[in-house]
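Worksheet for the structure shown next.
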Amino acid sequence: MKVAKHWRETPERYRLEAGKCKKCGHINFPNRLICPECGAREFETIRLSGKGKLETYTVIHTAPDGFADLAPYAVGIVELQEGVKILAQITDCNPADLKIGDPLVTKFRRINEEGKTGMIMYGYKFVPDNGL
Amino acid sequence: MREVAIIGIGMMKWGELWEKSLRDLAVEAALNCMADAGTDRIDSISIGCMSGGLFNGQEHLASMIPDYLGLKNTPAMRVESACASGGLAVRTAYMEIASGMADYALAIGVEKMTDVSGGEATYGLATAADQDYEAFNGINFPGLYALMAKAHMHRYGTTREQLADVAVKNHRNGNLNPNAQFPALMTREQVMSSVMVADPLRLMDCSPITDGAAALLLTTVEEAKRIGKHPLVVISGIGLATDTIALCQRKDILKCPAIEIAAQRAFKMAGKTIRDINFAEVHDCFTISEIMIMEALGIVEPGQGGPATSAGHTALDGKFPINTSGGLKSKGHPVGATGVAQIYEVVTQLRGTAGKRQLANAKVGLTQNMGGSGGSCVIHILEVKS
């Protein structure tokens, strides 16, 4: 059971909460205790837009345990409008149609589950951003 | 600090070594090393092992290995930095000698990976990535390096053929190495038609799962000269550097600051530049890795790693031979052992005992060993002194 772990990570996974450094404005996702840019230790909690552009991607054919039923599936690094880069799966599209630079947006999705009777874990995945 | 020499090297043929345990591998490499050195004096032992816990359910190697080496009561420690654990063990042994804490320090790298299933081994390896923000989302190491490969192809026009040529070259070298796990020759077509793992990387772009160990015996240059059994090989530079654990948090995922900074530190310590280096063993965990490492070390300009490989510049008879041992790709990648075995190969070349793969001009060699997707990197520069 990793209940406390999932509870602890809920702000990032469910709400895309990040920490904006009160001194230099650098945004950390996930938040940290020390800003890697300026060393300051005070942050304002903000919510990321989830909107950004695809920097690079891959299509996973040999999946890690727990993801085999999804394969082949796309995973990419997306630079959000706020300048933060995050890694997530890309879904609701044909991976063959993806191109570097594509506009994408996060959606709340099921990620994985801990065995047959364990917790179901949710988080963010990217989908094509059609401006809707 | 005292100057440090390598007076003994040991390993064995790597592979799926069903009959050998974690402790057997470490002890066999150490015994081969002591036999090569012609001494069994050991004041200190450092052990590089990524994950005895996940691969074997066995931690506390700092007790087990000296015990089974017949050296109980000897000071020992296990060091870990994922796939860079081996290089870190050598650096630790170096510090023991340089500082005067020990006069004879044994560095062992070991990993026993086939006692768990392929899925469990892949999970163990994936713990070198950010568990909560990378692995959680369904990515593994082939996937992370595929992200770099795709970006490299997009920015620089690196081709699928150029990636394949890294594997072809390393198998050609490994074919001449009796210790290599997969010495078979490989064609470009075979690499490019192997099963897809993480687009654009295929199975033959990936280093294998391997059981193996390697060991080095370090002492002072003075002691090495006194013993005088082998040509004198010294460690003239070491650089260690770290970076973000998550690939996506790098400002530019095609730059590897840990490699660049570790290299700068090693070059500064040795008083050398990349132009003084004759050959290198680098961490080709995937074909794209070797290309990016060549660029980060300054062997070629950014974007030129692929073309230089296909032009043969990194082959045994090229301008700058890379991975004369066969690299991780052909020799195998028992993760904690790799950084030690890279130095084993460089010492072999510097001594002039590399047999059919011996380089004509091997005076100064470099090893580059890294953890994860570039979150840590350790570089050694070694020289043979006449």
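FYI, it's all coordinate maths here, none of it is from the lab. Here the structure is a predicted model, which means the values were calculated and not measured. As a convention, Cβ positions derive from the backbone with ideal geometry for all residues, glycine included, and neighbour counts pool all protein chains shown.
For residue B:106, the criteria (1) within 21 Å of residue B:221 (Cα to Cα); (2) aliphatic (A, V, I, L, M); (3) surrounded by fewer than 19 Cβ atoms within 10 Å (Cβ to Cβ) hold in every case but one, which is (3).
Note on region B:142-167: among residues that are farther than 17 Å from residue B:254 by Cβ and surrounded by 22 or more Cβ atoms within 10 Å (Cβ to Cβ), the one that is farthest from the other protein chains (Cβ to nearest Cβ) is B:165.
Given the criteria under 19 Å from residue B:273 (Cβ atoms) and either aliphatic (A, V, I, L, M) or touching a residue at least 60 places away in the same chain (Cβ under 8 Å) (or both), does residue B:345 qualify? No: the conditions fail for residue B:345. Tell me yes or no: at least one residue of region B:111-119 is within 11 Å of chain A (Cβ to nearest Cβ) and assigned to a helix (DSSP H, G or I). Yes, there is a match, as at least one residue in region B:111-119 is within 11 Å of chain A (Cβ to nearest Cβ) and assigned to a helix (DSSP H, G or I).
I need the full set of residues from region A:31-52 which are exposed (fewer than 15 other Cβ atoms within 10 Å of the Cβ) and not in a loop (DSSP other than H, G, I, E, B), in order please.
Kept after step one, since they are exposed (fewer than 15 other Cβ atoms within 10 Å of the Cβ), are these residues of region A:31-52: A:32-34, A:36-42, A:44-45, A:47, A:49.
Matches in region A:31-52: A:44, A:45, A:47.
Per the listing B:365, B:374, the residue uniquely in contact with a Leu (Cβ under 9 Å, 6 or more places away or on another chain), in a loop (DSSP other than H, G, I, E, B) and touching a residue at least 40 places away in the same chain (Cβ under 8 Å) is B:374.
Number of residues in region A:1-31 that are more than 14 Å from chain B (Cβ to nearest Cβ) and out of contact with any Cys (no Cβ under 8 Å at 6 or more places or on another chain) equals 6. When each of A:91, A:56 is tested for being touching a residue at least 12 places away in the same chain (Cβ under 8 Å), within 12 Å of residue B:248 (Cβ to Cβ) and among the hydroxyl-bearing types (Ser, Thr, Tyr), the lone residue that passes is A:56. Only one of the numbered conditions (1) under 20 Å from residue B:381 (Cα atoms); (2) touching a residue at least 12 places away in the same chain (Cβ under 8 Å) is not met by residue B:275, and that is (2). Taken over region A:53-82, the criterion of being out of contact with any Lys or Arg (no Cβ under 8 Å at 6 or more places or on another chain) and more than 10 Å from chain B (Cβ to nearest Cβ) is satisfied by A:53, A:69, A:82. On the basis of being among the acidic types (Asp, Glu) and within 11 Å of another protein chain (Cβ to nearest Cβ), does residue A:92 make the cut? It is false that residue A:92 is among the acidic types (Asp, Glu) and within 11 Å of another protein chain (Cβ to nearest Cβ).
Taken together, the residues in region B:10-33 that are among the basic types (Lys, Arg), outside any helix (DSSP H, G or I) and touching a helix residue (DSSP H, G or I) at 6+ places or on another chain (Cβ under 9 Å) amount to 1.
For region B:100-143, filtering for residues that are without any contact (Cβ under 8 Å) to a residue 40 or more places away in the chain, touching a strand residue (DSSP E or B) at 6+ places or on another chain (Cβ under 9 Å) and over 12 Å from residue A:87 (Cβ atoms) leaves 0. The conditions of being more than 9 Å from every other protein chain (Cβ to nearest Cβ), touching a residue at least 12 places away in the same chain (Cβ under 8 Å), closer than 11 Å to residue A:54 by Cα and more than 17 Å from the chain's Cα centre (by Cα) are met by residue A:98.
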